[in-house]
Each structure stands twice: as structure tokens, then as C-alpha cells.
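Presented below is the structure to which this report refers.
The numbers here are math on the coordinates, done by the rules we state, and not lab data. Quick caveat: nothing in here was measured; it's all calculated off a predicted structure. With ideal geometry, Cβ positions are generated from the backbone for all residues, glycine too; neighbour counts draw on all protein chains shown.
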Amino acid sequence: MFSYRSAMSSKNIEFEILKRLKLNPTHGYDIYKYLARNGFIAHNKASYVYKIIRRLEHKNLIETKELTSKGNRKKNMLSLTKEGRGFYYEKILQSAQDFLSVIIEAN
């Protein structure tokens, strides 16, 4: 069955990642599980999610902090940067403006 979410562009997936990180910092695998569970990506596309995460890091929208967990295993915790939070809110504002423009044009 075709799903709108399964056809989302990488820009929309970037936004979903930023939205998830705005709620609280998390691990890349948790982001992948969230996106797959909610139909934003196919379940076998973890590498695609990590590619987008690296792109967001390169743009300085998110940052990675290495943490040591049980058994001295290292885990990367992802969080929004100040720039990432601003970018997220800009996208929401732009979406609202686009929506209002459509409503105004329809009347």
C-alpha cells in the first residue's frame, strides 16, 4: 500500500529528525526506530537515516555527544544546536505562512 509518508523527501525527514530532537536529545537508532515505526521511512533504511543525521551535523543543526553507558559501551547522544532550534522554528513559520497564503488565495 502506498503511503504519503513513505514518499517523503529527505528535507521532510530532516524536519522530522529536528522535531524529534526538539522534544529531547536521543540516539540515532531511536530516531531511526521512530521514523520507521511511523511510516516515514522503510524499516530497512537505517543507513539512510544516519546519512541525513550526518548532513544535519555538517550543517551545524545538530550535535553529537559521546556518552559511556553500561559496560563502557560508547553511545552517541544527538541534540539540537542553537542554530538547529532556530532553523526548526523558521520552517514552522514558513509552513504557517504558506498555509495562510493558500487560504487567502482560495477566497
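Name the residues in region 51-86 that are under 12 Å from Glu14 (Cβ atoms) and out of contact with any strand residue (DSSP E or B) (no Cβ under 9 Å at 6 or more places or on another chain), would you? Result: Lys51, Ile52, Arg54, Arg55, His58, Lys59. Mind listing whichever residues of region 17-40 are closer than 22 Å to Ser95 by Cα, touching a Lys or Arg at 6+ places or on another chain (Cβ under 9 Å) and either of a type in the set (Asp, Glu) or free of Cβ contacts under 8 Å to residues at least 40 places away in the same chain (or both)? The answer is Leu35, Asn38, Gly39, Phe40.
Each row is one residue, and each column tells you yes or no for (1) among the aliphatic types (A, V, I, L, M); (2) in contact with a Phe, Trp or Tyr (Cβ under 7 Å, 6 or more places away or on another chain); (3) surrounded by 11 or more Cβ atoms within 10 Å (Cβ to Cβ).
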site: His27; (1), (2), (3): no, no, yes
site: Ala36; (1), (2), (3): yes, no, yes
site: His43; (1), (2), (3): no, no, yes
site: Arg54; (1), (2), (3): no, no, yes
site: Lys82; (1), (2), (3): no, no, no
site: Ser95; (1), (2), (3): no, no, yes
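On the stretch given as region 56-80, residues that are without any contact (Cβ under 8 Å) to a residue 12 or more places away in the chain, in a helix (DSSP H, G or I) and either hydrophobic (A, V, I, L, M, F, W, C) or surrounded by 10 or more Cβ atoms within 10 Å (Cβ to Cβ) (or both) total 1.
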